1. Highest mean first, how do 224-236, 72-84 rank when packing is the count of other Cβ atoms within 10 Å averaged over residues?
2. For the chain, set up a GNM with springs between Cα atoms under 10 Å and report which of LEU292, LEU356, LEU220 has the largest fluctuation.
3. Can you work out the Karplus-derived ³J(HN,Hα) for every residue in the range 149-154? Use 6.51 cos²θ - 1.76 cosθ + 1.60 with θ = phi - 60°, whole Hz, and x for glycine or proline.
4. Comparing THR218, THR370, THR96, which has the greatest mean-square fluctuation in the GNM of the chain with Cα pairs linked when under 10 Å apart?
5. With a 1.4 Å probe and all protein chains left in place, how much accessible area per residue does the range 133-213 have, in Å²?
6. Report the residue, chosen from MET341, MET152, MET217, that carries the largest GNM mean-square fluctuation when the chain is represented by alpha-carbon nodes joined by springs under 10 Å.
7. Mind checking which lysines have their Cα closer than 24 Å to the Cα of LYS81? Skip sequence neighbours fewer than 8 apart in that chain.
8. Give me the accessible area of LEU259, 1.4 Å probe, in Å² rounded to the nearest 10.
Amino acid sequence: MFNATTDSYYSRFFQMRIDDLHREGRYRIFADLERIVGKYPKAIYRSDNGKEKEVTIWCSNDYLGMGHHQKVIDAVCEGVKKCGAGAGGTRNISGTTHYHVELEKELADLHGKEAGLLFSSGYVSNESALSTLAKLLPDCVIFSDAMNHASMIDGIRKSKCEKYIFRHNDTSHLRELLNSVERCRPKIIAFESVYSMDGDIAPMEEFCDIAKEFGAMTYLDEVHAVGMYGKRGGGIAEELGLMDKIDVIEGTLGKAFGLMGGYITSTKAIVDVVRSYASGFIFTTALPPSVLSGALASVRHLKSSNKERQKHQERAARLKEILTERGINIMKTKTHIVPVMIGDPRLCKKASDDLLEHFNIYVQPINYPTVPRGTERLRLTPSPFHSDEDMFALADALAQVLPTTQMLTGTKQAA
């Protein structure tokens, strides 16, 4: 039991750390949003004073709006009615439902792999799989792209293996680092397909060729590409015909598929060893049947339907066109990610606040540590359901907001 003096010290210490975030302009505020079925991307925003208003969301990871698709909603309801609210335990202790079994088969098929394994989130799937595989391989060395997600970084750290960070998407640097390590040692090359903050794509074919040359495993994070790219939504690896060259493909159910959860797909042996050794999998309560039922419907739908992907790509291209014509400084990307560079955390937060307060537009500011200091931005994610009217309203609002937040800062960053 802490005495008053000690308790006060701890509270003051932690409050100082929060004060630091406020001073740096990095304190995160969660918007109180209520999404509206049938009106995506509209939502009800509730301010601290209790007032409500309808806003347009421009930063959702529900890229295709599948969280509102009628097939998915019906499947979620069916899962609750058939099996109840929760799974009832960990996967090992009564928590494996038939939905788990069916969805893991569907995901393995989606990526052309022998087996799949579900996790509570994409973060946990990366952390658990990478740490487990690297820890079990004797004298393993990991080569990680400098822009890899925090979940991959944490998994690599947790493995306590020797690691090398290669410059982002730099095949020459990767080769140089691989040449510095004994050929006989087990190696893992870890990278993403679509990088969610810059919207760029990894040189995956080159990475695969290098991995084969040096006898390395390839570990690919496809979270921002599954459902979105490829004939059946298998991601960039499917689109480029490289799935058979990737040893482990990791993905999420929480973005294009519209629900929550993460997964890996690979050979039966690799999936089984993660299932059997990964503490992040073993000791976590299983995902509820309602979520899995909805995810199963979403995955199956997007395997056979291309209209969502086609409409999404058209809308993303249209947004870039409108913003460029309006003089809004955006990073040029080949993907659905549209970053508006600002370059200062306080200015980024002010732009976000002004958009919400004056224009009923919600875009979360992206600050450090999500992106490097000095590259703060607004990250726009158009959906198939954003209309031209929504886009012109956004462009007009940005044109008014960004000059007051030194738009030229963003121009320097993008140059």
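1. 224-236, 72-84
2. Among LEU292, LEU356, LEU220, the largest GNM mean-square fluctuation belongs to LEU356.
3. Running phi through 6.51 cos²θ - 1.76 cosθ + 1.60 with θ = phi - 60° gives 5, 4, 5, 5, 4, 5 Hz.
4. Looking only at THR218, THR370, THR96, the largest GNM fluctuation is found for THR370.
5. Counting only protein heavy atoms, the per-residue value for the range 133-213 is 45 Å².
6. Looking only at MET341, MET152, MET217, the largest GNM fluctuation is found for MET217.
7. Within the straight-line cut-off, LYS81 pairs with LYS71, LYS105.
8. 40
The values are calculated or read from the model by the stated rules, or taken from the named source; none is laboratory data. Quick caveat, the model's predicted, so the values are computed rather than measured. Positions of Cβ are backbone-derived with ideal geometry, glycine not excepted, and every protein chain shown enters the neighbour counts. When the accessible area is computed, the model is the full protein with side chains, heavy atoms only, and any ligands, DNA or RNA have been set aside. Shrake-Rupley method; radii C 1.70, N 1.55, O 1.52, S 1.80 Å.
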